[in-house]
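The structure appears right after this line, and notes come after that.
The values are calculated or read from the model by the stated rules, or taken from the named source; none is laboratory data. Quantities reported herein were computed from a predicted structural model and do not represent experimental measurements. All Cβ positions, even for glycine, are placed from backbone atoms using ideal geometry, and neighbour counts span all protein chains on display.
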Amino acid sequence: MLSFRVNAGALLGLVFLAACNEPVDDMITPPAPQPVAVVANWAARADSAQAALNQSFWAPTDYYYLQNSSGKPDFNYWWQGHGLDVLLDGYQRTKVLDYITKMQQLQQGTKKKNGNTYLNNFYDDMAWQALANLRAFQITQDQSYKATAQLLWTDLKNGWNTEQGGGIAWKKDQRDYKNTPANAPVAILGARLYQLDRNPDDLAWATKIYDWQKKTLVDPTSGAVWDGINRQGNGQIDKDWRFTYNQGVYIGAGLELYRATQQSTYLDDANRTAGYVLNDSQLAPGGVLKDEGGGDGGLFKGILVRYLAQLATDPGVAAATRARYVSFLKFNGESLYNKGTRRPQYLFNTNWTSQPGGTVDGSTQLSGVMMFEVMADLQARKLF
């Protein structure tokens, strides 16, 4: 009798299922697998970019970065300053000692190729070298880097004269032409030296140069930074020359003077110009920084990215503003990786929305490495 009751129960269950018109197999069908989100490893991408810079652009016996990926040996003094900065990016992120060795070699090669001196005819070029050397000292505590920065700082101050109401000249044999690439980086240098040594004279110089820059070459309403004044000897400002790196170095100057003085007006200046960059359709069409060509122009975007990232990560910046800066940088980084990078070679284009065609300039490659290192840093900070 017990066996009959069990069989009858099973039969009733089958009848119930049939009445519901439900297939029995549906009761055991597993759920569909969910897609797994792949998280980009920006540190690994930065490693690949650094390796490509070393493989395709480094002169292994003369110790400097070449003109292009085809091995053209032209020496560009100011590119080497940014090469030192990029090596510092890699060392800060990884602590791999090979970067230290390469930095030392680069400085030897740069000095030799520049006529056995770090001094140069162009004040803006010396400013880039000085900034990179000061940063190298702060990271490594190697006094030789600070000595080079101080040597350059002394010579840079000689560029100040009263033509155009003040300012640092662009170069030593054209002292009446003043531009942003010479003045804003020198203001950054003075402010950083003050923060390091607390020498009031350094801050006075930084403030004087910044005040001239702001008064002469910055639109007070939009924050747009113009390139220079009196280039053609006619006293005119090159307002049509709106380059990304000019915006970047003015952002950097405002940020460093804010850090040196805690006066909010400097941070306001930096944020105004950064907001201009994010919203200007000529500087960032479709949200991606514009193509400024190869040669010297290849470095421009990387310089802006470096200083915008420094602003984005400063504690004084409001959270909502920081989020906008990070979003902009992330959009540019992803565009460069997905559209502007030739892989597996990891060579970059001047246009961050399309792959490079043939030869790539060292300047362009340096900008791409800067962008990838910024992305790695922002990711490490968990800002996206």
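Please go through (1) without any contact (Cβ under 8 Å) to a residue 24 or more places away in the chain; (2) of a type in the set (D, E, K, R); (3) in a helix (DSSP H, G or I); (4) surrounded by 15 or more Cβ atoms within 10 Å (Cβ to Cβ) for Lys208 and return the number of the only condition it doesn't satisfy. All conditions are met except number (1). Give the residue that is nearest to Gln107 (Cα to Cα), with candidates limited to residues of region 147-164 that are not polar (S, T, N, Q) and not in a helix (DSSP H, G or I). Restricting to residues being not polar (S, T, N, Q) and not in a helix (DSSP H, G or I), the top hit is Gly159.
Residues in region 227-268 that are part of a loop (DSSP other than H, G, I, E, B) and under 21 Å from Ala309 (Cα atoms): Arg242, Phe243, Gln262, Gln263. Considering every residue within region 112-121, establish whether at least one is surrounded by fewer than 21 Cβ atoms within 10 Å (Cβ to Cβ), in contact with a Phe, Trp or Tyr (Cβ under 9 Å, 6 or more places away or on another chain) and charged (D, E, K, R). Yes, region 112-121 has at least one match.
Here's the yes/no breakdown for (1) under 19 Å from Leu193 (Cα atoms); (2) of a type outside the set (Lys, Arg):
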{"position": "Lys215", "(1), (2)": "no, no"}
{"position": "Pro220", "(1), (2)": "no, yes"}
{"position": "Gly235", "(1), (2)": "no, yes"}
{"position": "Tyr245", "(1), (2)": "no, yes"}
{"position": "Ala253", "(1), (2)": "yes, yes"}
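Considering only residues in region 345-381 that are part of a loop (DSSP other than H, G, I, E, B) and hydrophobic (A, V, I, L, M, F, W, C), the one that is nearest to the chain's Cα centre (by Cα) turns out to be Trp352. The set of residues in region 165-205 that are in a loop (DSSP other than H, G, I, E, B) and either small (Gly, Ala, Ser) or more than 17 Å from Trp128 (Cβ to Cβ) (or both) comprises Gly166, Gly167, Asp173, Arg198, Asn199. Here Ser264 fulfils each of the conditions (1) in contact (Cβ under 8 Å) with a residue 60 or more places away in the chain; (2) surrounded by fewer than 19 Cβ atoms within 10 Å (Cβ to Cβ); (3) among the small types (Gly, Ala, Ser) apart from (1). Take the conditions aromatic (Phe, Trp, Tyr) and under 26 Å from Asp155 (Cβ atoms) and apply them to Tyr250. Does it pass? In short, yes. In region 52-146, counting only helices (runs of 4 or more DSSP H) that sit wholly within it, the ones holding 2 or more residues that are of a type in the set (Phe, Trp, Tyr), under 22 Å from Gln365 (Cα atoms) and at pLDDT 95 or above span 77-94.
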